[in-house]
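As structure tokens, the structure follows; a few thoughts come after it.
The values are calculated or read from the model by the stated rules, or taken from the named source; none is laboratory data. Keep in mind that what you see is a predicted model, and the values were worked out from it rather than measured. FYI the Cβ positions are ideal-geometry reconstructions off the backbone, even for glycines, and counts take in every protein chain you see.
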Amino acid sequence: MPAALAALHQYRDTRRRRWLAVFALALVVQGLCSSYYLLFFSVLLGLWLLWFLRRDDAASLLGVLLAGACALAALIPLAWLTGRANVMGAFRNRVGVSAIVWALVCLIVALNVFLLAGMVGG
């Protein structure tokens with residue numbers, strides 16, 4: 001969220017389109033990390049637009065809205081696949097996630113033991 005807001009402030013000050021790309025990328029990362037925060041962040045974005053953009057600056061408003069729409073368009077396939085997987089019953093519960101985590105921990109420990117044995121044994 002801070003990266004998206006910083007990009008919007010930079011875009012407002014410089015009018016460079018690369019800041020719109022940074023804003024869109026920050027929204028995509030936010031959506032990938034937590035879709036709930038993306039939903040709540042949209043309220044803050046609306047307030048930001050009302051507070052910081054002037055009424056006569058329609059081009060900037062259009063640029064920000066298009067960048068946000070592009071970010072959401074990038075997230076739609078992932079949302080569709082997630083919903084489809086849940087319908088098919090392909091979801092993970094805590095037991096499944098903890099099994100994966102423990103498998104990774106065991107792999108890392110085994111790798112460290114292997115490397116340590118190689119360093120000690122010569």
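A few comments on the model shown:
- Remark: Y36 matches the filter, which requires a residue to be modelled with pLDDT under 85 and aromatic (F, W, Y).
- Cβ separations smaller than 7 Å between residues 6+ apart or across chains give the following pairs from the stretch 20-44 residues that are assigned by TED's automatic domain parsing to the domain that holds A79 and of a type in the set (A, V, I, L, M, F, W, C) to residues that are outside any helix (DSSP H, G or I) and modelled with pLDDT under 95: F41/M1.
- Pairs are defined by a Cβ separation below 8 Å, a sequence spacing of at least 6 or placement on different chains, a first member in the stretch 52-65 that is without any contact (Cβ under 8 Å) to a residue 40 or more places away in the chain, and a second member that is of a type outside the set (D, E, K, R); the pairs so defined are L61/L49; L61/L53.
- Restricting A99, A90, A69, A117 to those that are out of contact with any Pro (no Cβ under 6 Å at 6 or more places or on another chain), of a type outside the set (V, I, T) and modelled with pLDDT of 75 or more reduces the list to A69.
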